[in-house]
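K.L.:
Here it is, the structure, as structure tokens.
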Amino acid sequence: MIKLENEFLLVEMKEAGAELTRIFHKDTGIEYLWNADSKYWGRHSPVLFPTVGKLVDDTYFVDGASYHLGQHGFARDRNFKVVEQTDNTVRFELDADEESLSIYPYKFKLSIIYTMDENSVAVSYEVENTDNKRIYFSIGAHPAFHLPLTEDTTFEDYYLDFGTEENLETLCLEGPYRNGEIKKIVDKPSRYLSLNYDLFKNDALIFEALKQKEITIKSDKTSHFVKVTFKEFPFVGIWTAKPGTPFVCIEPWYGIADGAGKSVELRDKAGIEHLEPEAVFASEYKITVG
């Protein structure tokens, strides 16, 4: 287990999946990140790469050749190496190898960097194209936060604050795939969305092109909060599992699940990113707690 610590936070992560596993606030005494209890969901905050969401039949094509990946790709199940660590930063790296090339035919270097600053943890992604051709990929985050945050509140006492009024239209899912429909969650633009388990009866809520690109978990019954800021990410998913699950995920994504139908060429997949040889993709989101 890798640890970072300052006067406010104790943060932990592991080499398996370069996964963030703990955000503990010394003043509030709250464990903000989900504990990965497998009764509900056995992960904390997996990195999604090189795909986000589900592929039709777990299959995609590159120049007509078929390849197979499970939901959210393979990075979350690979061991990264720590290549740099300071008092407030740790950098993990994963390079393409024979195993990855058999399921994803591109050479790459994936770096995950965690940086602490007072009450915040910044999570940075870097994808370097180490191949001699254009590569295609998606990348995304999947942090889960304990909810309720305090013993005297319930899941339904909390709401999401989007920072400004939004239309709050979700891309609809049919099973794990997009069905092409868009559904209004609220009748008119709103800054707030009250949480309840019925919101997730068809799996995640998926928002595209939010204006403010920040979401804060709040309650009128406590001053404690979690804020996720994702200024450059085009999509964000909100998810919890079955009713009674004591967490909610806020998931910034560069990429999205396949549409229902047939498997597609990776270059034609919705939300896909591309990168020329020797180029580097970089982006960051931030978790702030209090």
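The values are calculated or read from the model by the stated rules, or taken from the named source; none is laboratory data. Just so it is clear, the model here is predicted, and its values are computed rather than measured. Cβ atoms come from the backbone with ideal geometry, glycine included; neighbour counts cover every protein chain shown. Please note that ligands, DNA and RNA were not included when accessible areas were found on the heavy atoms of the full protein model with its side chains. Shrake-Rupley method; radii C 1.70, N 1.55, O 1.52, S 1.80 Å.
K.L.:
List the extent of the Cα atoms of the range 1-144 along each of their three principal axes, largest first, rounded to whole Å.
P.N.:
55, 35, 19
K.L.:
Follow-up. State the percentage of accessible surface on the chain attributable to carbon and sulfur atoms; use a 1.4 Å probe and exclude ligands, DNA and RNA.
P.N.:
Heavy-atom surface of the chain belonging to carbon and sulfur, 1.4 Å probe: 42 percent.
K.L.:
Hey, what's the per residue convex hull volume over the C-alpha atoms of the range 96-253, in cubic angstrom?
P.N.:
Enclosed volume per residue, from the Cα hull, is 154 Å³.
K.L.:
Mind listing which GluC sites (Glu not before Pro) in the range 208-247 are in a DSSP loop and have 11 or fewer other Cβ atoms within 10 Å?
P.N.:
Listed in order of number, the matching sites are 232.
K.L.:
Enter the per residue convex hull volume of the range 128-211, computed from alpha-carbon coordinates, in Å³ rounded to the nearest integer.
P.N.:
161 Å³
K.L.:
For residue 117 and residue 16, what is the calculated FRET efficiency with R₀ set at 41 Å and r taken between the beta-carbons, to the nearest 0.05?
P.N.:
That gives a FRET efficiency of 0.95.
K.L.:
Tell me, Kirkwood radius of the range 1-78 from alpha-carbon pair distances, in Å?
P.N.:
14.5 Å
K.L.:
Excluding ligands and nucleic acids, what accessible area in Å² is computed for residue 274 using a 1.4 Å probe, to the nearest 10?
P.N.:
Counting only protein heavy atoms, residue 274 exposes about 100 Å² to solvent.
K.L.:
Hand me the trypsin sites (Lys or Arg not before Pro) from the range 1-95 located in a DSSP loop with no more than 10 other Cβ atoms within 10 Å, in residue order please.
P.N.:
39
K.L.:
So how compact is the range 169-219: Cα radius of gyration and Dmax in angstrom?
P.N.:
Rg, Dmax (Cα atoms, Å): 11.7, 33.
K.L.:
Let me ask something else. Per the helix-only calculation at 222 nm, which mean residue ellipticity applies to the chain, given -39500 (n - 2.57) for every DSSP H run of n ≥ 4 and division by its residues, nearest 500 deg cm²/dmol?
P.N.:
So the helix-based figure for the chain works out to 0 deg cm²/dmol.
K.L.:
Further, regarding this structure: Taking Rh as the Kirkwood radius computed over C-alpha pairs, what is the Stokes-Einstein D of the chain at 4 °C in a medium of viscosity 1.567 mPa s, expressed in µm² per second?
P.N.:
Answer, rounded: 66 µm²/s.
K.L.:
Could you do me a favour and compute the accessible area per residue for the range 2-89, 1.4 Å probe, result in Å²?
P.N.:
In whole numbers, the range 2-89 has 44 Å² accessible per residue.
K.L.:
Could you derive backbone 3J(HN,Hα) for the range 9-17 from the dihedral phi with the Karplus parameters 6.51, -1.76 and 1.60 (θ = phi - 60°), listing whole Hz in sequence and x where the residue is Gly or Pro?
P.N.:
With coefficients 6.51, -1.76 and 1.60, one gets 10, 10, 10, 10, 8, 10, 5, 5, x Hz.
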